[in-house]
Amino acid sequence: MPHTLLSSTQYKKFVSERDKALEQIHQHAQMDISHLTSESLKSIEGLVATLATRHEISVSGMHYLTSQVEFHTTQILSKLFSQLVSRVKRMRKAVFTLTYTSELEAVARATGQKISTPPSFAQKLKAAEEAPTLRDESLEKRVWYSLMKLRAKVVQALNLALVQELSPSEVLAKVVQVFPQVQSYKRPPRELKPFREADTKRDKEIYDFAFIDDADWKLAVDAYKDTELPPSRFDNAPSFDNEAGYQRYNWEVEQELTDDFVHQVRDGQVEAARDAGIQEFVWVAILDDRTDDCCQDRNGHTTSEIEAMLDSGDLDGDSCDAVTPPAHPNCRCQLAPVASTEQVEGPDWKSFNEWLES
Ligand SMILES: [Zn+2]
């Protein structure tokens, strides 16, 4: 394997702390999205409870009820749509900003080479915000599609319950059954110190990051510190115990959020390392029984080796054409920048949090 920056213990420590901080940003976004979803589901439940109040209604009654439920559900989900999309975009901005800046700093420390001014950060940030999803589809369309699938399920469950002439409370129960279900997760042990004060200074050890807009930097730091939505807003929502663990809905919107997060982290890392003069990366897969062929075959190879293997047909580009991770949803692979110079193991690297707070 070529000499990579991951063989520098300080680089490795810095980026692994950074990755934990990024995971916090992801979790905060995910919690906000769960709360927003929960609010909308409550509204749909309330809507059905208000409309479906009679036993044994006629076909024309079913027709009327269906059109009412469709109309109001679309309104509720349109509002949720805008909230979800803007929340995902803010997560993308925060993730890209922190990944990019910290990778630039880490590479500069590990290689002793500082580039003058990173080119066009604002443009990169805009591109990250507007990026297609991992499946190369529009974020907006994916979210809308998921919401319309939910609406279809609600209408179908409602109509079936009406055909079966169930009681109003049974009709409601049938509708609620098709909602995405909440799953609880144990909170992973907290390895980072709680982040202290808002830090708007960007005068870091190596770079001053003056190329980043104040508001964008604040957004990134705030995204790490906490969720965005005030808890008071959800007094009537089911309680999400943030200390004991966290909860998420088991549906595609939240699964795709995770894939989107990983995609942004890897993109930010590649962009920064390339800007800092790194041309090559080694693909590092976690090898266990869950690793698929696509990642296993790329493990240990450099970017240019993977490109050559794709060209020669040694790797099947039709089943997977990724040159850098993630290769697919749920991909856990990492990237190791290949060192272009002998490493400079600086004696006193600050930890990631100290760097962020400095
Ligand atoms: Zn993978």
(message) Can you find, among Leu172, Thr53, Ala339, the residue sitting farthest towards the positive end of the charge dipole of the chain, where Lys and Arg contribute +1 and Asp and Glu -1 at Cβ?
(response) Thr53
(message) So the label point goes 7 Å from the Cα of Ile206 along Cα→C-beta, right? Which residues of the range 261-280 then have their backbone N under 18 Å from it?
(response) 268-280
(message) Using 20 Å bins from zero, what percent of all Cα-Cα pairs in the chain falls into each bin?
(response) 26, 50, 20, 4, 0
(request) May I ask for the Rg/Rh ratio of the range 248-354, computed from Cα atoms with Rh as the Kirkwood radius, given to two decimals? (result) 1.02
(message) What's the longest uninterrupted piece of the chain once you rule out the GluC sites (Glu not before Pro) that are loop residues per DSSP with at most 13 other Cβ within 10 Å?
(response) 244-341
(request) May I ask for the net charge around Glu103, where only other residues with Cβ less than 12 Å from the Cβ of Glu103 are counted and Lys, Arg are +1 while Asp, Glu are -1? (result) -1
(request) Spit out the partnerless Cys residues in the chain, using Cβ distances under 4.7 Å as the pairing rule. (result) Cys295, Cys331, Cys333
(request) Please work out the average accessible area per residue across the chain, using the 1.4 Å probe convention, and give it in Å². (result) 49
(request) Positive end of the charge dipole of the range 55-173 (Lys, Arg +1 and Asp, Glu -1 on Cβ, about the Cα centre): tell me which of Val143, Ala131, Ser102 has its Cα farthest that way. (result) Ser102
(request) Could you check how much of the accessible area of the chain is carbon and sulfur, as a whole percent, using a 1.4 Å probe? (result) 49
(request) Can you check what the net charge comes to around Lys126, using other residues whose Cβ is under 14 Å from the Cβ of Lys126 (Lys, Arg +1; Asp, Glu -1)? (result) -1
(request) Within the range 151-171, which residues have the backbone N less than 18 Å from the label spot 7 Å out from Glu137 along Cα→beta-carbon, could you tell me? (result) 151-153
(request) Specify whether the C-alpha gyration tensor of the range 7-166 places it in the rounded, prolate or oblate class, a ≥ b ≥ c being the square roots of the eigenvalues: rounded for a/c under 1.5, otherwise prolate if a/b is larger than b/c and oblate if not. (result) prolate
(message) Below 8 Å, C-alpha to C-alpha, sequence gap of six or more: please give me the relative contact order for the chain in percent.
(response) 30
(request) Using the structure shown, list the pairs from Lys225/Lys350; Lys42/Lys141; Lys42/Lys89; Lys153/Lys218; Lys124/Lys149; Lys12/Lys114 with a Cα-Cα distance above 29 Å, or answer none. (result) Lys153/Lys218; Lys124/Lys149
(message) Over all directions, how big on average is the projection of the convex hull of the alpha-carbon atoms in the range 6-102, in square nanometres?
(response) 8.4
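Take the chain, mark every one of the trypsin sites (Lys or Arg not before Pro) that falls in a DSSP loop and has at most 15 other Cβ within 10 Å, then report the longest stretch left between them, sites excluded.
202-289
The values are calculated or read from the model by the stated rules, or taken from the named source; none is laboratory data. Computed from a prediction, not measured in an experiment: that's the story for all the values here. Please note: Cβ atoms are built from the backbone with ideal geometry, for glycine as well, and neighbour counts cover all protein chains shown. Note: accessible area is taken over every heavy atom of the protein model, side chains too, but ligands, DNA and RNA are not part of it. Shrake-Rupley method; radii C 1.70, N 1.55, O 1.52, S 1.80 Å.
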